[in-house]
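A.B. asks: Structure provided below as structure tokens; questions to follow.
The values are calculated or read from the model by the stated rules, or taken from the named source; none is laboratory data. Values in this document were obtained by computation on a predicted structure and should not be read as measured data. Quick reminder, even Gly has a Cβ in these numbers, built from the backbone with ideal geometry, and neighbours come from all protein chains shown.
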Amino acid sequence: MATIRALTDDDLAGVAGLFARIYPDYGWSSPADCERYFREMLFEHPWGELELPSWVAEEGGRIVGLYAVQPRRMLFDGRPLRVAVGCQYMVDPAFRQGGMTALQLAKVCLSGPQDLTIADGANEDSMRIWSAISGSVPLLNSLYWTRPLRPAHYALALLEARTGSPNALTCTARPFAALLDALAARAGPNRFLREAGDLTEEPLDAQTMLAHLPAVLRGYAVQPVYDERSLDWLLAQAARKTLHGELRARAVRDRAHRLAGWYLHYVRAGGVSEVLQIAALEGSFDRVLTRLLADAWRQGALAVHGRLEPRFARELSARHAWLRTDGPWTLAHSRHAEIMRAIHEGAAFLSRLDGEWWQRWRLRLPEAPA
């Protein structure tokens, strides 16, 4: 059996080696670069005073497993919470006690002093292990919405993703897809392209977010807590993730320059826009969503994809978004039943910015099969 203990800075070379063995196609140019990123995310973040460690499994002096934790601050009904965000969970597949070690790591992590443990990038294996040790999988926070913007090209992209590469059918269909998408842009469901109204946009910064967070988060029992240092750090780190394109962060204002809300999304021409966070003042979500969809369309995105914010399911449906469990799972655990009840009832503001999904563990997508 492996020994489970807290991660130290001296373990990072071994952790980087473990990561390279498990994920050789994730795009790191060298183990040293990977090691530096682990140090940034696990030791050089702005929440060091919370003292929530990461955990490693060691056998014979070799690191064979990791449960990486990044601390965060949140509130529950105004009460401060220490939150452990699970951001990497891995065990060497060559280690013969891997299944037992994975369970040990998860149990040790959940037994820590934090009030809440969350993760929003869990795969099927992690989800099953989590469920086996009485962790929770909130379905509302594991639903994803998709809004096609160029439906014909989006359908072709899905077909190419399934087959692994372009083929004669998709190449032949592209001119027709361009015509269909041009017609779709004028159809009723895409009226958001002509609904600018009295709204304007400007670059979003941490100061604007902090000034309006109390109004945006009103009514949520579980809320993230930021200060200028931590929010600057989050936004700077998130901007470095280019796997899904450029991070665009925009504040939406009315003609009187009053804030309606903001959005952050990754976007690139010919790809799918991935939403990091949408926030809106009461009654303004649809207007902010409309601006997000229009911005993604102007940047050449084929569709917009994001995790469901439960209280705005009606607005998303009205804008012709569909819901599926087609992304990673969100996991949550707390010894406090009232916190878990709030999460399951959709009373928690848990955007992707508040989890680990945006972190740059993967620098490139795996090669498509030949």
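Each row is one residue, and each column tells you yes or no for (1) at pLDDT 75 or above; (2) surrounded by 14 or more Cβ atoms within 10 Å (Cβ to Cβ).
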{"site": "Cys109", "(1), (2)": "yes, yes"}
{"site": "Trp130", "(1), (2)": "yes, yes"}
{"site": "Gly135", "(1), (2)": "yes, yes"}
{"site": "Arg147", "(1), (2)": "yes, yes"}
{"site": "Leu156", "(1), (2)": "yes, yes"}
{"site": "Ala168", "(1), (2)": "no, no"}
{"site": "Arg186", "(1), (2)": "no, no"}
{"site": "Asn190", "(1), (2)": "no, yes"}
{"site": "Glu195", "(1), (2)": "no, yes"}
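A.B. asks: Would you check if there is a residue in segment 148-162 being in a loop (DSSP other than H, G, I, E, B) and among the charged types (D, E, K, R)?
C.D. replies: Checked segment 148-162: at least one residue is in a loop (DSSP other than H, G, I, E, B) and among the charged types (D, E, K, R).
A.B. asks: Test of understanding: among Glu345, Glu309, which residue is in contact with a Leu (Cβ under 9 Å, 6 or more places away or on another chain), over 23 Å from Pro71 (Cα atoms) and of a type in the set (Asp, Glu)?
C.D. replies: Glu345
A.B. asks: List pairs: first in segment 343-356 and under 16 Å from Val216 (Cα atoms), second among the β-branched types (Val, Ile, Thr) and crowded, with 18+ Cβ neighbours inside 10 Å, Cβ under 7 Å, 6+ apart or cross-chain?
C.D. replies: Cβ pairs passing all conditions: Ala347/Val222; Ala348/Val222; Phe349/Val222; Leu350/Ile118.
Yes or no, residue by residue, for (1) in contact with a strand residue (DSSP E or B) (Cβ under 9 Å, 6 or more places away or on another chain); (2) more than 18 Å from Ala106 (Cβ to Cβ); (3) not acidic (Asp, Glu):
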residue	(1), (2), (3)
Arg5	yes, no, yes
Asp11	yes, yes, no
Arg21	no, yes, yes
Pro24	no, yes, yes
Ser30	no, yes, yes
Tyr37	no, yes, yes
Pro53	yes, no, yes
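A.B. asks: Say whether the condition of being part of a helix (DSSP H, G or I), touching a His at 6+ places or on another chain (Cβ under 9 Å) and closer than 25 Å to Arg218 by Cβ is met by at least one residue in segment 322-337.
C.D. replies: No, every residue in segment 322-337 fails to be part of a helix (DSSP H, G or I), touching a His at 6+ places or on another chain (Cβ under 9 Å) and closer than 25 Å to Arg218 by Cβ.
A.B. asks: So is Leu264 over 26 Å from Val85 (Cα atoms), touching a strand residue (DSSP E or B) at 6+ places or on another chain (Cβ under 9 Å) and touching a residue at least 24 places away in the same chain (Cβ under 8 Å) or not?
C.D. replies: When the stated conditions are applied, Leu264 does not pass them.
A.B. asks: Residue check, Val252 against (1) among the aliphatic types (A, V, I, L, M); (2) touching a residue at least 60 places away in the same chain (Cβ under 8 Å); (3) more than 18 Å from Pro310 (Cα to Cα), all met but one. Which one?
C.D. replies: Against the list (1) among the aliphatic types (A, V, I, L, M); (2) touching a residue at least 60 places away in the same chain (Cβ under 8 Å); (3) more than 18 Å from Pro310 (Cα to Cα), Val252 comes up short only on (2).
A.B. asks: Of the conditions (1) surrounded by fewer than 19 Cβ atoms within 10 Å (Cβ to Cβ); (2) under 19 Å from Ile278 (Cα atoms), Ala348 fails just one. Which one is it?
C.D. replies: Only one criterion is unmet by Ala348, namely (1).
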